[in-house]
1. Can you list residues whose amide H is under 5 Å from residue 39's amide H, if they're 5+ apart or on another chain and H is modeled 1.01 Å from N?
2. Report the relative contact order of segment 14-89, percent, no decimals, based on alpha-carbon pairs under 8 angstrom and at least 6 residues apart.
3. Is it possible to state the helix-based mean residue ellipticity at 222 nm for the chain, with each DSSP H run of 4+ residues giving -39500 (n - 2.57), the sum divided by total residues, to the nearest 500 deg cm²/dmol? What is it?
4. Taking 7 Å along the Cα-to-C-beta vector as the label spot, tell me the residue 9-residue 187 distance in nanometres, rounded to one decimal.
5. Order by neighbour count: 165, 65, fewest other Cβ atoms within 10 Å first, most last.
6. May I ask you to derive the FRET efficiency for residue 105 and residue 26 from their Cβ-Cβ distance with R0 = 22 Å, giving the value to the nearest 0.05?
7. Convert each backbone phi in segment 12-26 into a coupling constant with the Karplus relation 6.51 cos²θ - 1.76 cosθ + 1.60 (shift: θ = phi - 60°), then list the ³J(HN,Hα) values in order as whole Hz, x for Gly and Pro.
8. So what are the ³J(HN,Hα) numbers for segment 91-99, from phi and the Karplus equation (6.51, -1.76, 1.60; θ = phi - 60°), rounded to whole Hz, Gly and Pro as x?
Amino acid sequence: MGKKAPPPYPPHPVLLVDDELHTLASFDIALRSHGISNTLRCQDSRKVTSILDNQPVEIILLDLMMPHVSGHDILTHVRQRFPELPVIIVTGVNEVETAVRCIQEGAFDYVLKPVEIERLLPSIRRALEVRRLRRENSRLASSFFDKDPAHPEVFSGIITGNDTMKSMFRYCEAVAEGRQPVLITGETGVGKESIARAIHDLSGRTGE
């Protein structure tokens, strides 16, 4: 039996928007070679709005100078409709005024072409981390308003009617989807192993 393929990373695609096909291909290859395997190419800027309306996207790499719809117009649309979505401008426009304008309009970063992957990759990783933290904070905030865990079956081995324990179950659900390790402490016999197993099951990851 062969090894199970690792899940795509990040959980939602990195949207690559550029009117030049070879640029999209080079970005795609570079990102995949550095572990960012979930990408989506878009050569026609007119399709960006439809893509964003129909599927979740993790971050956007966006060119400025394109036919049909400019990168500036797309950036404005994204900031209005999807303010939580980081947009990294990747362009050949080497003008301080343009860079400042993009940052003021909400761009996460401004990277010049020809792109050096050593410059672009850290920016992408920071944007992905910001996205993860925003998502986790949102889950944590919503968990405090829920009375019961969303997946009670995962905690079936822990018998309790205590509201504090139920709050902890909701917290476990919120942190389980994160990529960071979770440290569980406490005295012997308080159920650390059961909580650890529940978080592991909720995460959907394989292995121990």
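Read-outs: derived from the displayed coordinates by stated rules, not from any lab. As the structure is a prediction and not an experimental result, all values here were calculated from the model. For neighbour counting, all protein chains shown are included, and Cβ atoms are generated from backbone atoms with ideal geometry for every residue, glycine included.
1. Placed amide hydrogens put 14 under 5 Å from residue 39.
2. Values: 100 pairs, mean separation 26.6, N = 76.
Relative contact order, segment 14-89: 35 percent.
3. That comes out to -14000 deg cm²/dmol.
4. Taking the simple label geometry, residue 9 and residue 187 are separated by 4.0 nm.
5. On the way: 165 15, 65 12.
Placing the least packed residue first, the sequence is 65, 165.
6. Taking R0 as 22 Å, the efficiency between residue 105 and residue 26 is 0.25.
7. 10, x, 7, 8, 9, 10, 7, 7, 9, 4, 5, 5, 4, 5, 5
8. 8, x, 7, 9, 10, 4, 4, 5, 4
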